[in-house]
Amino acid sequence: MTDPRDYKLDLSKNASSPQLASTPRPYLSVQFDCCKVYLRIYRSPDGRHYRGRCPRCGLAVNFVVGDGGTDARTFVVR
Ligand SMILES: [Zn+2]
């Protein structure tokens, strides 16, 4: 004999967005179309951007991390 009114569901405290704190070290896969070279670019220590350079011609790329941005992990640099 249970009274359904005794059930308390407090969901408000867990309503925050899920955390991805355990993500090891995010990186992007970048294809440099200039030299047809594929490279992984790791995130900067401050977590704000990804910086990389074409290993052949030295073309610099900088991807800024934005909130609500793209989930894409692979980019082509032309
Ligand atoms: Zn290049």
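Quick look at the values:
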| quantity | calculated |
| --- | --- |
| Test set (1) within 16 Å of the ligand (Cβ to nearest atom); (2) modelled with pLDDT under 95; (3) surrounded by 12 or more Cβ atoms within 10 Å (Cβ to Cβ) - H49 fails condition number | (1) |
| Odd one out for L9 among (1) within 16 Å of the ligand (Cβ to nearest atom); (2) modelled with pLDDT under 90 | (1) |
| Residues within the stretch 24-46 that are within 11 Å of the ligand (Cβ to nearest atom) and in a loop (DSSP other than H, G, I, E, B), tallied | 4 |
| Among residues of the stretch 55-76, those that are β-branched (V, I, T), within 16 Å of the ligand (Cβ to nearest atom) and within 14 Å of R43 (Cβ to Cβ), counted | 1 |
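The values are calculated or read from the model by the stated rules, or taken from the named source; none is laboratory data. The shown structure was predicted, so the numbers you read here are calculated from the model rather than taken from an experiment. Here the Cβ is made from the backbone with ideal geometry for all residues, glycine too, and neighbour counts use every protein chain on show.
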